[in-house]
Protein chains: 2
Amino acid sequence: MDKSFILNKTSSRSLARRGQLFTAHGKVETPVFCPVGSQATVKTLTPEDLKSVNINMILSNTYHLYLRPGIPIIKEMGGLHKFMNWDGVILTDSGGYQIFSLANLRKLDEGGVSFRSHIDGSTRYITPEDAVSFQQDLGSDIAMVLDECPHSEASENEVLAAMERTHQWAKRCLAAHTLKSQHLFAIVQGGLSPELRRQSAEYLASLDFPGYALGGLSLGEPKDITFETVRHTLRFLPENKPRYLMGVGAPEDLLEGVSCGVDIFDCVLPTRVARNGAFFSRLGRLNIRNAAFATQKGPIDPDCNCYTCRNYSAAYLHHLFRCEEILAYRLATIHNIAFLSNLMQEIRTSIEKDCFEEFKADFLSRYQPTNEAIRIEQKQKWLFGRNGEPPS
Amino acid sequence: MDKSFILNKTSSRSLARRGQLFTAHGKVETPVFCPVGSQATVKTLTPEDLKSVNINMILSNTYHLYLRPGIPIIKEMGGLHKFMNWDGVILTDSGGYQIFSLANLRKLDEGGVSFRSHIDGSTRYITPEDAVSFQQDLGSDIAMVLDECPHSEASENEVLAAMERTHQWAKRCLAAHTLKSQHLFAIVQGGLSPELRRQSAEYLASLDFPGYALGGLSLGEPKDITFETVRHTLRFLPENKPRYLMGVGAPEDLLEGVSCGVDIFDCVLPTRVARNGAFFSRLGRLNIRNAAFATQKGPIDPDCNCYTCRNYSAAYLHHLFRCEEILAYRLATIHNIAFLSNLMQEIRTSIEKDCFEEFKADFLSRYQPTNEAIRIEQKQKWLFGRNGEPPS
């Protein structure tokens, strides 16, 4: 595909952008949030559920699919779209992030990375060329280069080494990539160092990828640092290419990311917290387990028009969560994805009307974000405690 | 409601019956199988899912709803139909069976039964009048009397005492029942004794209930004994009233029950085994975890037209089960309920055409039931091992 992205409009008072991403499975209006379907399913949902809340782009994880069911099986089944019965857009992560956060006993050499599967402990070895080949076999619409994502406590030298390896691997991925219907995006690394981020963005921009992701962020660092780094890095990336901020999905962060000029987001947050009983609302996250909901006749979010809010009282959802009924997790997930889908639609409309900044200020004036200290603690607990289980 | 049941046709070569059950939430074609929604949800499914497989009658459990969320909450929410967003027919079990199988420290006296909640250990006391009042508050279409269900190893004296108490309680339930839009069914007890079953059926028939259930069966006894008892007991119940065999739901058992003259069945089996990866098919139950399914491109059951079989390969279902993805449980449940719904439709059509016996013989000639010894072992393990968790 020659043209992967059209930039339609830029806000006159911020860097917010309104665009369109073109893929082999259709057009995506940006800025967009992609729900995560790590194992070829957005947890609890069917493709129809996703379409019912106007989602037409999801993310899946090459690392997880490589381990189960294995890339050859999905290839034999006709590719990932057919395997999971999803005819919308799929972006696949390369597996880099998962290898560096989930797998054990990583060992890097010039060629690639060896690691132990977090599922069965088997030893695996993956090269940048493998990561491209796997994603071509999956047939995703957007593929990512294999990158090295340093830990948040990595030393400056480690961050530098990871960035340089990411650059070499990006070049090799680009050379190995042959599937014309698939866009291959680069991943900018460089930790929290403005200098390294600039170097990384400039180097990768020189290779002329059809899109650029910002990796290695939202790993527990304070949010102002995250967005300072995003804003700084995007200055060195081409305006006419889509920018993808990996692992960001809280409503307040989506607004901030958009105002920095980000076009694509993904995160397990809305689906993961849904399964814990946290429902997004205009006022902040609501915990359905709170006793106050036990007798609430109306929906949990009166402003919402999703299947869950149209059909079920907060009292019923409270009951389902209390009884750990499986239906609870699906109903909560539908709501949270609908909430973010609507939010992104409103963001896009506000950019078109050049009133994004007012929309953002208005939203944030009512929305109570999850406490920063609690958020960092939860995130770090999750990052360090999840060994052995998938992240979504 | 004056007339709850019309008997349209009886097979010329067996006792199979084709009828219609009339309720405040619509007409039910019989013979019918009711999926179980113990806690105000048929596990994993929405009302739309149930309707998509032509289910218009479900069972819910007063015992479970009494403990969580509590009857007053459901009453305040406008009744069980509104609470769970189901406008089809609901039959509620009285709680008798659950008190005698799930709860701890049961103590019977003339008035009722005290027991400890299997959820939080709290002491509760329920009378037959309470059981009726609860079900009237729930607003179910068909309610059951409170009965005493003896253990399968109970002595003859214990079975006799339980039967006599069940009779006294049935009379008290009938006297307490005032909700005209709700049918109150009696429950025949008497263990495996032909003499006690006759006495129980005759006594309850004399009280002129609008319908009769057969309780205390399918508790691990050999199947030929079950159906011998069913056939024997039904001889002493009025022809023009619906007969409900509680806790039976395997395909081969539904056919046998229908041939004895049963009109209504319920069982957690199809939904419970679905969540373990067992899919019904015309050849018997298929275990989706078998390696052979890992690469099967077609649906697990090529004869099936349900949402799951229309949209997903066996390979994908195998993958979802292997990864313990929540979507797996819903897709399997949809299939198993669709399978039984179709089976009951075929049974009804065959009775209309007076070829039920041929249909039954043909079905059984291909269907491989689960091995009897394994079945009894599984059932007893389940009956004795489930303390502390709901049965579906």
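The numbers here are math on the coordinates, done by the rules we state, and not lab data. Just so you know, these numbers come straight off a predicted model, no measurement behind them. Neighbour counts run over all protein chains shown; Cβ positions are idealised from the backbone, glycine included.
How large is the charge dipole for the range B:164-211, taken about the Cα centre, if only the Cβ atoms of Lys, Arg (+1) and Asp, Glu (-1) carry charge, to the nearest 20 debye?
The dipole of the range B:164-211 has a size of about 160 debye.
Between their Cα atoms, which of A:107/A:360; B:75/B:353; A:43/A:171; A:180/B:51; B:3/B:75 are more than 32 Å away from each other?
Among A:107/A:360; B:75/B:353; A:43/A:171; A:180/B:51; B:3/B:75, the Cα-Cα distance tops 32 Å for A:107/A:360; B:75/B:353; A:43/A:171; A:180/B:51.
At a Förster radius of 56 Å, what calculated FRET efficiency corresponds to the Cβ-Cβ distance of residue B:106 and residue B:3, to the nearest 0.05?
Once the sixth-power term is evaluated, E becomes 0.90.
Would you list B:337, B:347 from fewest to most Cβ contacts within 10 Å?
Ascending number of Cβ neighbours within 10 Å: B:347, B:337.
Using only the C-alpha atoms of chain B, find the volume of their convex hull and express it per residue in Å³.
129
Taking the Cβ of residue B:176 as the centre, find all other residues whose Cβ is under 12 Å away and add up their charges (Lys, Arg: +1; Asp, Glu: -1).
0
May I have the pair-distance distribution P(r) for the range A:1-97, computed from all Cα-Cα distances with 5 Å bins from 0 and rounded to whole percent?
3, 12, 20, 20, 18, 14, 7, 4, 2, 1
Report, for the protein assembly as shown, the % of DSSP beta bridges that are antiparallel, rounded to 5.
50
Find how many whole Å separate the alpha carbon centroid of the range B:58-73 from the alpha carbon centroid of the range A:170-186.
Between the Cα centres of the range A:170-186 and the range B:58-73 lies a distance of 57 Å.
Which one of B:271, B:295, B:166 has the biggest mean-square fluctuation once chain B is modelled by GNM with Cα springs under 10 Å?
Among B:271, B:295, B:166, the largest GNM mean-square fluctuation belongs to B:295.
Tell me which of B:279, B:316, B:340 sits at the most positive position along the dipole axis of the range B:274-373, charges placed on C-beta atoms (Lys, Arg +1; Asp, Glu -1).
B:316
Below 8 Å, C-alpha to C-alpha, sequence gap of six or more: please give me the relative contact order for chain B in percent.
Result for chain B is 19 percent.
Hey, in chain A, which Cys have no second cysteine's beta-carbon closer than 4.7 Å?
A:34, A:149, A:173, A:260, A:267, A:306, A:323, A:355
Counting Lys +1, Arg +1, Asp -1, Glu -1, what net charge surrounds residue A:185 among other residues with beta carbon under 13 Å of its beta carbon?
Here the charged neighbours net out to -4.
Taking a label point 7 Å from Cα toward Cβ, how far is residue B:111 from its twins in the other copies, in nm, shortest first?
Result, one decimal in nm: 8.0.
To the nearest 10 degrees, how steeply does helix B:326-352 sit against the main Cα axis of chain B, on a 0 to 90 scale?
Rounded to the nearest ten degrees, it is 70.
Using a basic spin-label model with each label point 7 Å from the Cα along Cα→Cβ, how many nm lie between residue A:114 and residue B:76?
Roughly 6.3 nm, to one decimal.
Where in the range A:292-385 are there GluC sites (Glu not before Pro) that are in a DSSP coil and have at most 15 other Cβ atoms within 10 angstrom of their Cβ?
A:324
In a GNM of chain A with a 10 Å cut-off on Cα contacts, which of A:370, A:308, A:127 has the highest mean-square fluctuation?
Result for chain A, Cα springs under 10 Å: A:370 fluctuates most.
If you add up the charges near residue B:298, with Lys and Arg at +1 and Asp and Glu at -1, over every other residue whose beta carbon is less than 15 angstrom from its beta carbon, what do you get?
For residues surrounding residue B:298, the net value is +1.
What trypsin sites (Lys or Arg not before Pro) in the range A:12-50 are in a loop by DSSP, with at most 15 other Cβ atoms within 10 Å of the Cβ?
Loop-located and lightly packed - A:13.
Compute the FRET efficiency between residue A:371 and residue A:291 as 1/(1 + (r/R0)^6), taking r as their Cβ-Cβ distance and R0 = 22 Å, and round to the nearest 0.05.
Plugging the Cβ-Cβ distance into 1/(1 + (r/R0)^6) gives 0.55.
Determine the distance separating the Cα centre of the range B:188-225 from the Cα centre of the range B:278-295; give it in Å without decimals.
Cα centroid of the range B:188-225 versus Cα centroid of the range B:278-295: 36 Å apart.
Starting from the Kirkwood Rh over alpha-carbon pairs, what translational D in µm² s⁻¹ does the protein assembly as shown have by Stokes-Einstein at 25 °C and 0.890 mPa s?
The estimated diffusion coefficient comes to 86 µm²/s.
Round to the nearest 10 and give me the degree value, 0 to 90, for the angle of helix A:356-366's Cα axis relative to the longest principal axis of chain A.
It works out to around 50 degrees.
If I build a Gaussian network model for chain B, linking alpha-carbon pairs within less than 10 angstrom, which residue out of B:126, B:300, B:374 has the largest mean-square fluctuation?
Looking only at B:126, B:300, B:374, the largest GNM fluctuation is found for B:374.
Using the crude model of +1 on Lys and Arg Cβ and -1 on Asp and Glu Cβ, and no other charge, please compute the dipole size for the range B:5-268 relative to its Cα centre, in debye to 20.
It comes to approximately 500 debye.
Return the chain A residue and its Cβ-to-axis distance, rounded to the nearest Å, for the rotation relating A to B.
Closest to the rotation axis on chain A: A:326, 3.
As a footprinting exposure proxy, order A:360, A:3, B:9 by other Cβ within 10 Å, with the fewest listed first.
A:3, B:9, A:360
Mind grabbing the base-10 log of I(q)/I(0) for the range B:274-373 at q = 0.16 Å⁻¹? Debye formula, identical points on the C-alpha positions, no solvent, two decimal places.
-0.70
Starting with the fewest neighbours, write out B:64, B:319, A:118 ranked by other beta-carbon atoms found within 10 Å of each beta-carbon.
The order, fewest Cβ neighbours first, is A:118, B:64, B:319.
Nearest 5 percent is fine: what portion of the DSSP beta bridges confined to chain B is antiparallel?
So the antiparallel bridges amount to about 50 percent of the total.
If you line up the long axis of helix B:223-234 against the longest principal axis of chain B, both from Cα atoms, how many degrees apart are they, to the nearest 10?
Result, in degrees: 50.
Non-local amide H neighbours of residue A:8 (under 5 Å, H modeled in plane, Pro and chain starts lacking H): which ones?
Those lying under 5 Å, H to H, from residue A:8 are A:18, A:19, A:20.
Considering only DSSP states other than H, G, I, E and B, which GluC sites (Glu not before Pro) in the range B:109-207 qualify as loop sites with at most 15 other Cβ atoms within 10 Å?
Of the GluC sites (Glu not before Pro), the ones in loops of the range B:109-207 whose Cβ has at most 15 other Cβ atoms within 10 Å are B:110, B:153.
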